[in-house]
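The values are calculated or read from the model by the stated rules, or taken from the named source; none is laboratory data. Fair warning: this is a prediction, and the values are worked out from it, not measured in the lab. Heads up, the Cβs are rebuilt from the backbone with ideal geometry, glycines too, and the neighbour counts pull from every protein chain shown. With ligands, DNA and RNA removed, areas are computed over all heavy atoms of the protein, side chains included. Shrake-Rupley method; radii C 1.70, N 1.55, O 1.52, S 1.80 Å.
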Amino acid sequence: MRDIVMTVPAVALRGMTILPGMIAHFDISRERSIKAVEQAMIGSQEIFLVTQKDSQTDNPAMDDLYKIGILAEIKQVIKMQNNIVRILVEGKNRAELYGFTGNSMYLEAEVIRLGDETDEEPAPEAKAAMVESIQETFAKYAALNGKLGQDVLRQVRDLTDLEKLMDYVANNLPVHYEEKQKILEAVTLTERYEVLLEILFRESDVIVIKNEFQKKVKERVDKHQKEYLLREQMALIREELGEQDTDSEADGYFAALEKLDAPDAVKERIRKEISHFKSISGSSSESAVSRGYIETLLNLPWNKKSKDNTDLTHAEEVLNADHYGLEKVKERMLEFLAVRNLTNKGDSPIICLVGPPGTGKTSIARSVAKALDKEYVRICLGGVRDEAEIRGHRRTYVGAMPGRIVNGLQMAGVSNPLMLLDEIDKVSSDYKGDTSSALLEVLDSEQNNKFRDHYVALPVDLSDVLFIATANSTQTIPKPLLDRMEVIEVTSYTENEKLHIAKEHLIEKQKEKNGLKKSQLSISDAALSAIIRSYTREAGVRNLERKIGEICRKCAREIYQDGVKSVKVKTANLETYLGKPKYLADKKNNRDEVGIVRGLAWTSVGGVTLEVEVNVMPGKGECKLTGQLGDVMRESAAAAISYIRSIGEEYGLASDFFQKHDLHIHIPEGAVPKDGPSAGITMATAILSAATNIPVRADVAMTGEITLRGRVLPIGGLKEKLLAAKNAGITTVFVPKDNNRDLDEIDDEIKEGMEIIPVKKCKEVIRGAFRQ
């Protein structure tokens with residue numbers, strides 16, 4: 001049963017709850033609270049302590065307080081400074097707040113004491129189970145908490161009274177006052193048991209979670225602390241050993257990586273490599289390898305491009321100013337630029353310039369780069385025989401480095417330079433690999449956007465690179481490689497073209513190179529023509545430039561040593577500077593002769609004329625060939641003899657003429673090797689002339705391959721051959737009819753003054769060449 005309503009002084013507590021059996025002290029400063037304590041001390045020293053719902057309320061009303069409080073006995077009152085009173089109390093019984101009396105001096109509450117009896121007393125067995133459950137749960141909580149003393153644990157184990165055990169456990173729980181208020185408000189033992197167990201379980205879970213967090217944080221802190229200590233030790237060791245600080249290098253690499261414009265995959269690879277580099281000792285060989293690899297990747301222009309000049313007029317002006325002639329090359333470059341301007345992209349062409357030495361193949365590439373405002377990179381492939389020169393070495397090898405293509409990109413600093421592959425016909429192969437095969441991927445526009453260098457080991461985009469290759473001949477270039485390139489032939493220069501090149505470029509270049517002013521040296525056109533004809537014999541202009549340089553040097557000495565103000569070089573004084581002429585021009589014979597026919601041949605220095613001489617002597621039908629002839633030319637001579645024997649009777653030869661006579665075919669300049677089929681009709685005409693004793697016109701030259709049936713097959717190098725014929729004073733030239741397509745592309749300057757007769761049969765040649 002419940003007690004009757006009683007009136008007792010009261011104090012409203014802020015932020016704390018006192019439970020039965022709990023001894024606690026608290027400070028009070030409110031005037032009404034101090035008066036209530038004084039009133040209690042006058043009487044039975046009993047006071048009602050009730051907790052405020054909101055600790056910030058200064059004058060709490062009924063609704064601001066919890067309904068259940070504690071009747072406590074005041075044990076001690078101590079007056080402190082600043083009108084503060086410290087009270088020591090012991091909780092006795094729960095009490096329910098019924099109301100306030102309205103006392104204006106202090107807080108006086110009307111309360112109902114709540115006794116120990118409850119409506120439903122648990123059975124003894126239930127009480128024993130509750131006691132055991134609380135003891136076990138509290139033991140687990142204490143083990144997790146780790147801050148409760150052994151005395152508390154011992155006391156909990158020794159208590160067997162359920163109510164006292166719950167009050168003792170509740171008093172020793174370091175929980176918020178609101179949780180203790182729940183215990184205080186649990187009036188029945190069963191209800192109090194459930195609330196207490198719930199709090200114990202919840203607090204145990206909180207401690208477990210908190211411990212896990214603390215463990216993780218501690219591990220992380222310990223790891224960082226360990227790394228910091230190790231780094232400091234490593235830095236000190238490196239400082240003592242005088243080694244480089246790898247960390248500072250790595251930081252520099254990371255900074256460079258942030259500025260690098262590259263694909264995400266490339267950046268991630270570099271980032272991993274830098275992290276690996278940080279963990280390597282600076283003195284190990286692996287550190288140098290890793291450093292070189294990182295610097296190579298950072299220096300490559302992954303997405304960096306230069307802006308091309310799109311002005312066609314400007315490009316044409318630059319190309320024409322730097323080179324005379326080479327119209328096909330210039331036209332192709334301007335076409336490429338026009339396509340690029342229309343499409344804003346356009347595939348970069350892969351061009352191969354084929355022609356004799358000294359014809360300007362390398363220099364035109366430099367001019368193209370200048371015209372398009374592209375970076376220029378020259379890669380010389382002459383004598384390269386190792387595949388790794390193109391693809392690079394794998395990093396597992398000592399001294400590994402990237403290939404020439406990647407090195408060229410590094411030197412250019414942009415991913416869209418003009419890359420000149422010089423002397424592509426001079427590459428070779430050995431047991432280390434085939435260089436030409438390695439170039440297949442580089443020069444394939446469908447594949448080179450993901451070119452993989454063995455050293456870099458990442459796809460490198462070469463699709464924006466403008467490749468120009470040079471070669472002297474296509475014969476030594478493998479067919480698959482040749483198929484990937486657009487071949488443009490750079491033919492030999494005519495005498496007129498050489499004269500223009502010398503006047504517009506070479507003379508000025510050599511004057512500047514030798515320190516001569518424009519007014520100090522002049523070379524007449526006649527003197528230049530004499531130099532071209534008598535002092536050089538070449539398809540290009542390299543030797544011509546050397547001869548002009550020789551004149552400039554001698555003039556420089558005269559001006560410096562003898563005080564000459566200016567020098568004029570003419571035909572009359574040319575020998576003073578260059579000596580006697582080295583070459584005598586091939587000239588046609590002065591008269592028609594029997595058994596002597598002038599043929600036309602192509603050499604690496606351009607076209608030449610050569611005489612075919614045939615003698616017929618009594619004998620046994622033998623044939624002798626002299627003049628250092630190759631196998632193809634010997635077979636061509638055999639075909640010519642067979643053809644002439646088959647038609648001999650038509651020209652009055654006896655049927656047994658070739659059984660009773662020997663033939664001797666000779667081509668002068670025996671020290672010079674000669675080969676090829678294009679002298680076939682020349683030898684056939686000379687043989688028939690010697691056999692029939694009919695002279696051949698001296699102003700006639702011819703070229704063409706002959707068959708056993710007398711058909712004339714097409715040949716190559718027609719422009720150079722016609723140029724040689726013109727320089728020799730030839731007025732009539734027989735060429736294969738199938739070469740008509742080549743005649744259309746030859747300048748009128750070369751064809752002017754010559755009668756060019758296309759023929760299909762050797763009889764047409766004989767009819768036109770014999771002097772009737």
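Going by the conditions given, is PHE213 at pLDDT 80 or above, over 29 Å from ASP54 (Cα atoms) and either open to solvent by 90 Å² or more (accessible area, probe 1.4 Å) or not aliphatic (A, V, I, L, M) (or both)?
Here the answer is yes, as PHE213 does meet what is asked.
If a residue has to be of a type in the set (Lys, Arg) and either in a loop (DSSP other than H, G, I, E, B) or without any contact (Cβ under 8 Å) to a residue 40 or more places away in the chain (or both) to count, how many in segment 72-131 make the cut?
Here the count works out to 1.
In segment 281-315, how many residues are within 30 Å of LEU506 (Cβ to Cβ) and free of Cβ contacts under 8 Å to residues at least 24 places away in the same chain?
Counting residues in segment 281-315 that are within 30 Å of LEU506 (Cβ to Cβ) and free of Cβ contacts under 8 Å to residues at least 24 places away in the same chain gives 2.
Picking from ARG395, ARG404, which residue would you name as being modelled with pLDDT under 85, under 16 Å from THR296 (Cα atoms) and not small (Gly, Ala, Ser)?
None of the other options fit; the residue is ARG395.
Which one of the conditions (1) within 13 Å of LEU49 (Cβ to Cβ); (2) open to solvent by 20 Å² or more (accessible area, probe 1.4 Å) does ILE74 fail to meet, given that it meets all the rest?
If we test ILE74 against (1) within 13 Å of LEU49 (Cβ to Cβ); (2) open to solvent by 20 Å² or more (accessible area, probe 1.4 Å), just (2) comes out false.
Limited to segment 609-647, what total is found for residues that are under 28 Å from LYS721 (Cα atoms) and touching a residue at least 60 places away in the same chain (Cβ under 8 Å)?
Number of matching residues: 11.
Identify, from the list ARG332, ARG340, the residue that is modelled with pLDDT under 85, part of a helix (DSSP H, G or I), touching a Ser or Thr at 6+ places or on another chain (Cβ under 8 Å) and open to solvent by 10 Å² or more (accessible area, probe 1.4 Å).
After ruling out the rest, the residue left standing is ARG340.
So ARG709 ticks every box in (1) open to solvent by 10 Å² or more (accessible area, probe 1.4 Å); (2) in a loop (DSSP other than H, G, I, E, B); (3) closer than 22 Å to GLU593 by Cβ but one. Which box is left unticked?
(3)
Pairs needed: first member in segment 246-273, modelled with pLDDT of 80 or more; second member anywhere, of a type in the set (Gly, Ala, Ser); C-beta distance under 7 Å; at least 6 residues apart or different chains.
GLU273/SER290
Given SER534, SER522, SER473, SER463, which one is assigned to a loop (DSSP other than H, G, I, E, B), open to solvent by 20 Å² or more (accessible area, probe 1.4 Å) and farther than 18 Å from ASP425 by Cα?
Of the residues listed, the single one that is assigned to a loop (DSSP other than H, G, I, E, B), open to solvent by 20 Å² or more (accessible area, probe 1.4 Å) and farther than 18 Å from ASP425 by Cα is SER463.
If I go through segment 556-570 residue by residue, how many of them are touching a helix residue (DSSP H, G or I) at 6+ places or on another chain (Cβ under 8 Å) and either at pLDDT 90 or above or not in a helix (DSSP H, G or I) (or both)?
Counting residues in segment 556-570 that are touching a helix residue (DSSP H, G or I) at 6+ places or on another chain (Cβ under 8 Å) and either at pLDDT 90 or above or not in a helix (DSSP H, G or I) (or both) gives 6.
Would segment 19-30 turn up any residue that is more than 60 Å from the chain's Cα centre (by Cα), assigned to a strand (DSSP E or B) and among the β-branched types (Val, Ile, Thr)?
yes
Can you tell me which residue within segment 360-382, out of those that are open to solvent by 30 Å² or more (accessible area, probe 1.4 Å) and not in a helix (DSSP H, G or I), is farthest from PHE467 (Cα to Cα)?
GLY382
For segment 148-198, which positions are among the basic types (Lys, Arg), closer than 15 Å to ILE23 by Cα and either open to solvent by 40 Å² or more (accessible area, probe 1.4 Å) or at pLDDT below 80 (or both)?
LYS164, the sole residue that qualifies.
Go through segment 387-410 and give me each residue that's charged (D, E, K, R) and either open to solvent by less than 40 Å² (accessible area, probe 1.4 Å) or touching a strand residue (DSSP E or B) at 6+ places or on another chain (Cβ under 7 Å) (or both).
Hits for segment 387-410 are GLU387, ARG404.
When segment 34-47 is examined, which residues are found to be in contact (Cβ under 8 Å) with a residue 60 or more places away in the chain and open to solvent by less than 10 Å² (accessible area, probe 1.4 Å)?
If the condition is that a residue be in contact (Cβ under 8 Å) with a residue 60 or more places away in the chain and open to solvent by less than 10 Å² (accessible area, probe 1.4 Å), then ALA36 is the only one that fits.
Take VAL616 and decide whether it is at pLDDT below 85, open to solvent by less than 50 Å² (accessible area, probe 1.4 Å), in a strand (DSSP E or B) and out of contact with any Ser or Thr (no Cβ under 9 Å at 6 or more places or on another chain).
Considered against the rule, which asks whether it is at pLDDT below 85, open to solvent by less than 50 Å² (accessible area, probe 1.4 Å), in a strand (DSSP E or B) and out of contact with any Ser or Thr (no Cβ under 9 Å at 6 or more places or on another chain), VAL616 comes out as no.
Restricting segment 749-772 to residues that are under 25 Å from ASN496 (Cα atoms) and touching a residue at least 60 places away in the same chain (Cβ under 8 Å), which is most open to solvent (accessible area, probe 1.4 Å)?
Among them, the one singled out is GLU749.
Go through segment 134-146 and give me each residue that's touching a residue at least 24 places away in the same chain (Cβ under 8 Å) and either open to solvent by 30 Å² or more (accessible area, probe 1.4 Å) or not in a helix (DSSP H, G or I) (or both).
GLN135, LYS140, LEU144, ASN145
Could you check, for segment 185-200, whether at least one of its residues is part of a helix (DSSP H, G or I), of a type outside the set (Val, Ile, Thr) and over 30 Å from ILE112 (Cα atoms)?
no
Check whether at least one residue in segment 347-356 is free of Cβ contacts under 8 Å to residues at least 60 places away in the same chain and surrounded by 14 or more Cβ atoms within 10 Å (Cβ to Cβ), and report yes or no.
no
Six or more apart or on different chains, Cβ atoms under 6 Å: show the pairs whose first residue is in segment 648-660 and outside any helix (DSSP H, G or I) and whose second is open to solvent by less than 90 Å² (accessible area, probe 1.4 Å).
Sorted first by the residue in segment 648-660, then by its partner, the pairs are LEU653/ALA691.
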